[in-house]
Amino acid sequence: MRTLNLGILAHIDAGKTSLTERLLHSAGVIDTVGSVDAGSTRTDTLALERRRGITIRSAVVSFPVDGVTVNLIDTPGHPDFIAEVERVLSVLDGAVLVVSAVEGVQAQTRVLARALRRLRIPALVFVNKIDRAGAEGVGERLPAELERRLGAPFVPLGRVESAGGPAAAFVPYGPADADFTAALAERLTEQDDALLAAYVADEAALTPARLRRELAAQTARSLVHPVLYGSAITGAGSSALVAAVRELLPAAARDPHAPPAGRVFKVERGPRGEKVAYVRVTAGTVRVRDRLRFGAGGEGDRGGEGKVTGVSLFDHGGALPAGAIPAGRIGTLRGLAGIRIGDTIGAYGEDAARAAHEAAGGFFAPPTLETAVVPDRAADRAALHAALADLADQDPLIGYRKGRLLPSGVQDVYVSLYGEVQKEVLGATLADDYGIGVTFRETTTICLERPAGRGEAVEFKSKDPNPFLATVGLRVEPAPVGSGVAHRLGVEPGSMPYAFLRAVEETVRETLEQGLYGWRVTDLVVTLTHSGYSARQSHAHGTFDKSMSSTAGDFRALTPLVLMEALRRAGTRVHEPVHRFRLDLPSDTYGAALPVLARLGAVPDAPVVSGAETTVRGRVPAASVHALEQRLIGPTRGEGLLETAFDHYAPVPGPPPVRARWDHDPLDRRAYLLRVVRRVRGGTA
């Protein structure tokens, strides 16, 4: 049986989860359609999802359609949970992009459409809520809006009748619809020169049957996107959508006898605290008791191996215990204690677009906000650290870190975020799942530092003021934007033991988490220019005298002092995240919106006027995005549509912001040595 791994994607409140319920009902998997408002849907399983009526974690359900097993993945629609969507994109064969017939194309719709296009994931568009007031005329106005705002060819597959009321219906076009056949031929020949030549030679050669085959072929290549209309609540258009999924989206036939390979896109905890990994098997078959190797699937040596102790396979609505997961299917694995989201299993391989996507770290930017998490009870601090480590395992972009050490001896804990809703969800999760009540401090923007020039520093062993039995010299230089941190050897690789060289490199990377102003330093090359160590032998016994021999601790303790001095001589500039924005607003409100943009540091480009609507594009500091969303409501009469996405990091104008340090602060040499020298000499480093 062939398998289609299908994602349901949309802007929040467009009706993804309701559509999932309708499809399950149409397939006979469930007897009644669940309600988001009532908290009775199959895919919103978290208590918080049911209370809030939003999807927070992706969920998988399965149903058969005419010999094809469809694994349907419902994804979050709120932009705060875009990382969850990105992980799902890596395992999809096709997608349904849901658009509201009332609100039309929204900000998240555009973000998702761009990602689908870049990954070349075949996608259908389902225009939902045609029964709602405000949906009148949707069949005439929305195709043009899709073309204009999503920038891709769309093909409506039918017409809408009685839109805006409970009798709203979708009527698919058939072979006898001459106007549709002509429009379809025109659209498809725009994308295929060979088809165009056949059409020019003989129009009759493009029969409705051949056009339908060509539509499926071009949909599979992401050249065009078929559009259907309906209502997840009333069921209008649902049967046409199921037929289109079966006919137009490519269900893959995989080799179950190849070596096992797959990708993990979700990790959760089972009832006994064990890890449960959601995996799409791309080749071969994964069985209970198999020993599997897994890892990050890219640069770096993190990886592991484990024995599969339990397998579930998604089928007929849910995950059912099974002995194996064959190629193409989605299931869950137990027993792999070290596995993480994004890990690959075996010889995972995909097309060039996905390889490029992974190499670039994804199409969605990392979080640009962070906040301190404070437990309501001081006794819960250790439990909070453990809970955040557990949650970071399930969602790597939570990225928690230690903060400053307070005078009381308590150390802050920070988590990175996409937005305020994610903060609320994290707080509820800690309370519900771990019994830890927390409060959050004010959300702040995450900046970074880049070197302003070149700087060098060196300290030699046995020479003041260096108290360590180590020689370390380092040079820092700027590198291209986006290149990260490169560590190079300017000394002979055999000039000292590998353990000492590794200690220097690891400490360099750790130290660069806090630059001159406390922010992570990136886009630089660090070169080890000098090295030296001591290994003295006792004349009396012919053995090494450890008290006079260098240790890795000496290099770990000295490296921050040398590196920060080199950075101080080079200088660093603090950069803040900047978002690109698009603002669609009534033309007569443009003048009132401009001062709001200016006050919040936005730099708009020249406006584009199209009748009663004006579009403004530009750049705005990430720290101002939330305020901009709120303050544009009045001047635009609530009709302004703001879309933002991370664009780049730019130098902060004026005095650079400083983030409090949480380490021993090598910028304060005296205080640093007082804390570190005794620890190193005590042999605990």
When you scan the range 205-220, do you find a residue that is closer than 27 Å to Ser100 by Cβ, open to solvent by 30 Å² or more (accessible area, probe 1.4 Å) and in contact with a strand residue (DSSP E or B) (Cβ under 9 Å, 6 or more places away or on another chain), even just one? yes
So, in the range 100-139, exactly how many residues are among the acidic types (Asp, Glu) and free of Cβ contacts under 8 Å to residues at least 40 places away in the same chain? 1
Determine if the range 222-234 includes at least one residue that is among the β-branched types (Val, Ile, Thr), part of a helix (DSSP H, G or I) and out of contact with any Lys or Arg (no Cβ under 6 Å at 6 or more places or on another chain). no
Condition (residue is closer than 30 Å to Pro260 by Cα, of a type in the set (D, E, K, R), outside any strand (DSSP E or B) and modelled with pLDDT under 80) applied to the range 369-390: is it met by at least one residue? no
Can you say whether Ala163 is within 16 Å of Arg210 (Cβ to Cβ) and among the small types (Gly, Ala, Ser), as far as the supplied structure shows? no
Evaluation of Arg580 against (1) touching a Gly at 6+ places or on another chain (Cβ under 8 Å); (2) open to solvent by 60 Å² or more (accessible area, probe 1.4 Å); (3) farther than 29 Å from Arg114 by Cα (one fails), failing number: (3)
Inside the range 628-637, can you point out the residues that are more than 27 Å from the chain's Cα centre (by Cα) and open to solvent by 50 Å² or more (accessible area, probe 1.4 Å)? Arg631, Ile633, Gly634, Arg637
Could you give every pair whose Cβ atoms fall below 7 Å, whose first residue belongs to the range 510-531 and is small (Gly, Ala, Ser), and whose second residue is at pLDDT 95 or above and crowded, with 21+ Cβ neighbours inside 10 Å, counting only separations of at least 6 or pairs across chains? Gly515/Glu449; Gly515/Val521; Gly515/Leu567; Gly515/Thr572; Ser531/Thr471; Ser531/Val472
Matching residues in the range 396-405 - criterion: being of a type outside the set (Ser, Thr, Tyr) and either farther than 11 Å from Leu417 by Cα or at pLDDT 75 or above (or both): Pro396, Arg401, Lys402, Gly403, Arg404, Leu405
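Table: residues versus (1) surrounded by 19 or more Cβ atoms within 10 Å (Cβ to Cβ); (2) at pLDDT below 95.
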position: Ala503; (1), (2): yes, no
position: Thr507; (1), (2): yes, no
position: Gly515; (1), (2): yes, no
position: Asp523; (1), (2): yes, no
position: Val526; (1), (2): yes, no
position: Thr529; (1), (2): no, no
position: His539; (1), (2): no, yes
position: Gly542; (1), (2): no, yes
position: Ser547; (1), (2): no, yes
If you check every pair at least six apart or on different chains, which have Cβ atoms under 6 Å apart with a residue in the range 249-274 that is farther than 30 Å from Arg213 by Cβ and in contact (Cβ under 8 Å) with a residue 40 or more places away in the chain first and a residue that is in a loop (DSSP other than H, G, I, E, B) and open to solvent by 50 Å² or more (accessible area, probe 1.4 Å) second? Pro259/Ala347; Ala261/Ala347
State all residues of the range 186-204 that are open to solvent by less than 80 Å² (accessible area, probe 1.4 Å), among the charged types (D, E, K, R) and in a helix (DSSP H, G or I); if no residue qualifies, say none. Arg187
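The values are calculated or read from the model by the stated rules, or taken from the named source; none is laboratory data. This is a predicted model, so every value here is computed, not measured. Heads up, the Cβs are rebuilt from the backbone with ideal geometry, glycines too, and the neighbour counts pull from every protein chain shown. Accessible surface areas use protein heavy atoms only, side chains included; no ligands, DNA or RNA. Shrake-Rupley method; radii C 1.70, N 1.55, O 1.52, S 1.80 Å.
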